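Heads up, the thing below is written out as structure tokens.
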Amino acid sequence: MSGKKVRPGDQRLPFDPAAAVPDAGLVFIGRIRSPWPDLDACPKNLREARERGGGGAVELDPPWRPGLQGLQAGATLLLLYWMDRAPRDLIVQAPAHRPAPAGTFALRSPARPNPIALAAVRLLDIDMPAGRLHIDAIDCLDGTPLLDIKPWLPGVDLPSGAQSPA
């Protein structure tokens with residue numbers, strides 16, 4: 001279980017999800033490069049990262065670079081990444097911005113049984129041979145493992161009746 005300090009209102013699971021028999025085999029396809037070296041410096045979300053000028057990059061490992069074909073600067077991408085330094089055993093959390101504790105699945109916190117994060121980012125530039133994508137912002141620590149990249153498709157990704165953010 002995580003050795004991280006528990007806040008008043010936090011509840012831990014009675015087991016460590018990381019020690020469970022794996023259900024799926026995941027492969028890291030690269031790393032995210034960010035200006036955030038440690039938790040104290042890292043923004044809490046993408047809005048804050050953008051406000052602070054938190055651009056970044058995605059570095060894809062060589063076998064996965066052909067998968068970048070078809071991407072173009074200006075595209076919105078969905079990055080799925082593994083918050084490898086987040087606790088996995090918090091099931092109820094008491095974040096400072098909420099008046100009362102909430103279940104992990106009601107929060108965007110990186111602390112979760114499977115610390116998978118999602119970011120919608122703008123692709124600024126791409127270096128295909130190097131497998132490097134320059135992005136407008138990111139809210140994770142430098143070196144965070146990358147799980148996947150998907151194009152954001154407004155006609156597919158917005159639920160019926162939802163409005164696109166301005």
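The values are calculated or read from the model by the stated rules, or taken from the named source; none is laboratory data. This is a predicted model, so every value here is computed, not measured. Backbone-built Cβ (ideal geometry, glycine too); neighbour counts: all protein chains shown. Ligands, DNA and RNA are stripped out before the accessible areas are found, and what is left, the full protein with its side chains, is counted by its heavy atoms. Shrake-Rupley method; radii C 1.70, N 1.55, O 1.52, S 1.80 Å.
Computed values, structure above
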item: Residues located in the range 28-51, provided they are open to solvent by less than 60 Å² (accessible area, probe 1.4 Å), touching a residue at least 24 places away in the same chain (Cβ under 8 Å) and part of a loop (DSSP other than H, G, I, E, B); result: Ile29, Ser34, Trp36, Cys42, Pro43, Asn45
item: Filter result (touching a Gly at 6+ places or on another chain (Cβ under 9 Å) and closer than 16 Å to Pro145 by Cα) within the range 44-84; result: Val58, Glu59, Leu60, Asp61, Pro62, Trp64, Arg65, Asp84
item: Strands (runs of 3 or more DSSP E) wholly inside the range 52-132 containing at least 2 residues that are open to solvent by 40 Å² or more (accessible area, probe 1.4 Å) and either free of Cβ contacts under 8 Å to residues at least 24 places away in the same chain or not aromatic (Phe, Trp, Tyr) (or both); result: 116-127
item: Single unsatisfied condition, Glu59 versus (1) of a type in the set (D, E, K, R); (2) at pLDDT below 95; (3) touching a Lys or Arg at 6+ places or on another chain (Cβ under 8 Å); result: (2)
